[in-house]
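Structure first, commentary second.
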Protein chains: 2
Amino acid sequence: MNGTRDVYDAIADPTRRKLLRLLADAEELPLNKLTVHFQMGRTAVSKHLTILKDAGLVTHRKVGRETRYRLNAAPLMEIEDWVSFYKKFWNERMLLLNQILQEEQE
Amino acid sequence: MNGTRDVYDAIADPTRRKLLRLLADAEELPLNKLTVHFQMGRTAVSKHLTILKDAGLVTHRKVGRETRYRLNAAPLMEIEDWVSFYKKFWNERMLLLNQILQEEQE
DNA sequence: TGAATATGACACCATTTGGTATCTTTTCGA
DNA sequence: TCGAAAAGATACCAAATGGTGTCATATTCA
């Protein structure tokens, strides 16, 4: 099911962010190749992939006896949109910081 | 305690994102003014604010009998950094989509 | 002073989360 | 053809999460 899971929720877990990164670097990877990079068992990794899939961040296809996963970054646009709203605040903060530093110099 | 809580984790909850937005629009707000915007009780909102505080996304100060909360957007830069890495993927996807649409037109 | 307001601090509870182990099915390859 | 590899499905469990209600404390103000 797509869009079932909140994207914010999907990326909250460090394991899932690492999975996204691995898929970003490798185009397409089966579960067992992904599992190697973690200390947890195959079932746990599979669950995390299901969550990513439910958020639309990952697609999969069966090839022989393995199911290969692929990154779909599109849903991350929502995060980008959301966070961009707050840019002005940390920019304002930067301006304030610069102002303070400048005053100290004088 | 600052930096105690993962920023990704802090923004995963919709209530907490709404809190950030309310603070973004209002500069400074006490707990009771914030609580009005939610269906849950005061204690629950307070807990969410503690989580935001632990992630460094919020500061607070006591004024009389109320404690006023203020947005600190700076930690969101980490999110911005993280998500910007994936921009190229949805851009590539866009390019691919445009290509397909163009082929269909011909 | 005394009531009402604002909040902190707990104790408590149901549900979700993130992991495990195990069993089954499908597929590969010697 | 038969054993091993890959993964799905499921049951289970401890801990975290997101709420609640209640009591205590500090502060305002009539």
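A short reminder: the numbers here are calculations on the coordinates, not readings from a lab. No experiment lies behind these values; they were computed from the predicted model shown. Glycine also receives a Cβ, built like all others from the backbone with ideal geometry; neighbour counts cover every protein chain displayed.
Could you tell me which numbered condition residue B:54 fails, if it satisfies all but one of (1) more than 14 Å from chain A (Cβ to nearest Cβ); (2) exposed (fewer than 12 other Cβ atoms within 10 Å of the Cβ)?
Answer for residue B:54: the failing condition is (2).
Kindly state which helices (runs of 4 or more DSSP H) lie completely within the range A:1-84 and contain at least 1 residues that are under 26 Å from residue B:14 (Cβ atoms) and among the aromatic types (Phe, Trp, Tyr).
A:7-10, A:76-84
If a residue has to be within 20 Å of residue A:77 (Cβ to Cβ), aliphatic (A, V, I, L, M) and surrounded by fewer than 20 Cβ atoms within 10 Å (Cβ to Cβ) to count, how many in the range B:65-78 make the cut?
Residues meeting the conditions: 1.
Output the qualifying pairs, or none if there are none: Cβ atoms under 8 angstrom, residues six or more apart or on different chains, first residue in the range B:7-18 and at the interface with another protein chain (Cβ under 10 Å from one of its Cβ atoms), second residue assigned to a helix (DSSP H, G or I) and near DNA strand C (Cβ under 10 Å from one of its atoms).
Listed pairs, sorted by first residue: B:8/A:14; B:12/A:9.
Any residue in the range B:36-49 that is of a type in the set (Gly, Ala, Ser) and within 13 Å of chain A (Cβ to nearest Cβ)?
no
For the subset of the range A:20-34 comprising residues that are over 15 Å from residue B:82 (Cα atoms) and not hydrophobic (A, V, I, L, M, F, W, C), which member is surrounded by the most Cβ atoms within 10 Å (Cβ to Cβ)?
A:30
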